[in-house]
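A short write-up of the structure that comes next.
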Amino acid sequence: MTRAIIHVDMDAFYAAVEQRDHPAYRGRPVIVGADPRGGKGRGVVAACSYEARAFRVRSAMPISRAYRFCPHGIFLPVRMDRYAEVSTKIFGILRCYTDLVEPLSIDEAFLDVTGSRRLFREAAAIGERIKAEIREHEGLTASVGVAPNKFLAKIASDLEKPDGFVVVRPEEVETFLKDLPVARLWGVGEKTGAILRGLGIQTIGELSRWPEEALCRRLGTVGGHLHRLSRGIDDRPVIPEAMAKSMGAETTFAVDSEDPRHIRQSLLRLAERVSARLRRESLAGPTITVKIRFADFTTLTRSLTLSAPLILTDEIYARALSLVEKIPVGRRKVRLLGIAVSKLTHTAAPDQMPLFPSDLRREKAAGAVDEIRRRFGEAGIVRASLLSPGSGKAGR
C-alpha cells in the first residue's frame, strides 16, 4: 500500500498568534524577538509576520538589522507559554486523524494517515479538513503538503506558503520534482550546491539523470542519498511522539557584562525557564550543559552528567553555576549565557511517590509557582534573589 504522509507547517506561528490575540496588529509588520532598543538591541528575530517579510525581515536575523529594515514594525517579546498553549490545541486537532504524529517543532509535524483513509477518505481530504479545523478553532493558517513520503510532503507544504495546500500523488512525483532547484534537496548546502553547479546540475530532474555511481565518486555517500531523493525515494517512517533530546534556554545580554551578580541572576532565570518547560512536558534529564559567549564571540560549553535526572530550578541552577565557575572568565565580558538539560526521559507517574518527602514538597511548590505565573504572568511571583537592590522590582 502506498503511504500517505502529511506535513503541517503553521504560517509565521509566533507572529500569527500575536496578530490573532491583538486584532490591532493584523495586517501590520509584527516582529517577535528581542527588544530592538532603537536599532541597538541584542539577540535575534524569533519570528516575523509576512507583512514584516516584505521589508526583508527574516527569522534568526539580528534584531538590530530587523529594526533598520523595518523601524515602524511592531516589536514584541517572545511569549513561549502562550505559543505552547496554542500548539497543544493544534496538535490535538492533528491527533484526531491519526496516532502517528511526529512533532518537528512547536508549529510543525508529520502525520502518517495511511491507515486513516478508510475512515476519512483520501489523504488530500484529511489535509483539507486539518487546515479548515485549525482556521475555524484557532483562527490561524497552516500550509499543508500531502505526498507518499516525508521528503515530498515537506517540499509540498513549503511551495505555496502562506496558507498553502499542495498534493503530490505517486504518479506525479517525477513531474513535481524535475524543475525544482537542487537546493530543495535535504543535504544540499553551499558547498555541495557549488559542486553540483560545477557539474552543470541545476535542477532535481538533472540530478536524477546522473548515474548514482558517478555522484558517489564526486560526493561520497551523500551522492547516493541525493540520488534517491531526486527520484522521490524516502523510506523514513513517521515516528510518533519523538522525545526531545534536550531542552534549554539562553539569553543575550543587552550590554556585555562582567558583573558576577548579573551573571548569577541570569543563570537563575534561565534555570527557572528550563525547569518550567521540563515540568510542563513531564521530562527530566541527568546531563546539564552551559554555554557562555564572550564579547569577542568566543563561545565555550561545559557539561556534567549526574546519577539522577534534573528537573527542579535549584538543582539545575546549582550545577550550572558550578560549571560556569570552572570556566576561565578572567576580565572578559560575557555576551550570552545558555543552559540545556539533555538525555531526557519521562518523569514518574503523578501517583508514584518520590523517594524523599522533601522532593514531594519541592515539586508541589514548583507546581504552585507555575500555576501563579500561568495566571498572572512571569512577574506574578519572583524570587527575592532576582530583585534589584532596594527597588522591590525584578532586576534586568
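Using the structure shown, list the pairs from Lys154/Lys191; Lys89/Lys154; Lys89/Lys291; Lys131/Lys191; Lys191/Lys343; Lys89/Lys178 with a Cα-Cα distance above 28 Å, or answer none.
Beyond 28 Å: Lys89/Lys291; Lys131/Lys191; Lys191/Lys343; Lys89/Lys178.
Quick one: go through the stretch 1-26 and flag any residue whose amide nitrogen is under 20 Å from the point 7 Å out along the Cα-to-Cβ line of Glu212.
From the stretch 1-26, the list is 3.
May I ask you to sort Ile31, Ile204 by Cβ crowding, counting other Cβ atoms within 10 Å and putting the fewest first?
Least crowded to most crowded, the residues run Ile204, Ile31.
Reachable lysines from Lys40, Cα under 21 Å, same-chain residues fewer than 8 places away excluded?
Within the straight-line cut-off, Lys40 pairs with Lys333.
Per Stokes-Einstein, at 25 °C and 0.890 mPa s, what whole-number D in µm² s⁻¹ belongs to the stretch 1-167, with the Kirkwood radius over Cα pairs as the hydrodynamic radius?
148 µm²/s
Most mobile of Arg293, Arg261, Arg65 per a Gaussian network model of the chain (Cα springs, under 10 Å)?
Checking each option, the largest mean-square fluctuation is seen for Arg261.
Using only the Cα atoms of the stretch 100-208, what do you get for the radius of gyration and for Dmax, in Å?
15.9, 50
Take the Cα coordinates of the stretch 174-230, assign each an equal point scatterer, and use the Debye formula without solvent to give log10 I(q)/I(0) at q = 0.16 Å⁻¹.
So the normalised log intensities are -0.38.
About its Cα centre, what dipole magnitude does the stretch 185-298 give when the only charges are +1 on Lys and Arg Cβ and -1 on Asp and Glu Cβ, stated in debye to the nearest 20?
My answer is approximately 140 debye.
Can you tell me the FRET efficiency between Asp163 and Thr2 if r is taken as the Cβ-Cβ distance and R0 is 25 Å, rounded to the nearest 0.05?
Step by step, r from the Cβ atoms, then E = 0.40.
Would you please put 46-52, 21-27 in order of how densely packed they are, using the mean number of other Cβ atoms within 10 angstrom per residue and starting with the highest?
46-52, 21-27
Counting other beta carbons within 10 Å of each Cβ, put Val255, Val166 in order, fewest first.
Val255, Val166
How big is the Rg/Rh ratio for the chain, C-alpha atoms only, Rh by Kirkwood, two decimals?
Rg divided by Rh gives 1.00.
How large is the dipole of the stretch 11-93 about the Cα centre if only Lys and Arg carry +1 and Asp and Glu carry -1, each at its Cβ, rounded to the nearest 20 debye?
Here the size comes out at about 380 debye.
Could you compute how fast the stretch 146-214 diffuses translationally, taking Rh as the Kirkwood radius over C-alpha pairs and applying Stokes-Einstein at 37 °C with viscosity 0.692 mPa s? Give it in µm² per second.
D, rounded to a whole number, is 254 µm²/s.
Positive end of the dipole of the chain, charges at C-beta (+1 Lys, Arg; -1 Asp, Glu), about the Cα centre: which of Ala124, Gly200, Ser49 has its Cα farthest in that direction?
Going by the charge dipole, the pick is Ser49.
In the chain, if the dipole is taken from +1 on Lys/Arg beta carbons and -1 on Asp/Glu beta carbons about the Cα centre, which of Val329, Leu185, Leu152 is farthest to the positive end?
Going by the charge dipole, the pick is Val329.
Students often get this wrong: which residues of the stretch 295-321 have the backbone nitrogen under 17 Å from the point 7 angstrom along Cα-to-C-beta of Ile327?
295-305, 316-321
Report, in debye and to the nearest 20, how large the dipole of the stretch 1-167 comes out about its Cα centre when Lys and Arg carry +1 and Asp and Glu carry -1 on their Cβ.
560 debye
Provide the percentage of antiparallel DSSP beta bridges, counting only those with both residues in the stretch 1-167; round to the nearest 5.
Within the stretch 1-167, antiparallel bridges account for around 75 percent of the total.
Can you check what the net charge comes to around Gln202, using other residues whose Cβ is under 14 Å from the Cβ of Gln202 (Lys, Arg +1; Asp, Glu -1)?
+2
For Leu300 and Tyr50, what does the FRET efficiency come to when R0 = 51 Å and r is the distance between their Cβ atoms, rounded to the nearest 0.05?
Calculated value: 0.85.
If neighbour count is taken as other Cβ atoms inside 10 Å, put Met80, Met247 in order from fewest to most.
In order of increasing Cβ crowding within 10 Å: Met80, Met247.
What ranking do 126-136, 144-154, 216-226 get when scored by the average of other Cβ atoms within 10 Å per residue, highest first?
Peptide ranking by packing, descending: 144-154, 126-136, 216-226.
Taken together, the values in this text are just the output of simple stated rules run on the coordinates, not laboratory data. Note that this is a predicted model, so its numbers are computed, not measured. Note: ideal-geometry Cβ built from the backbone for every residue, glycine included; neighbour counts use all protein chains shown.
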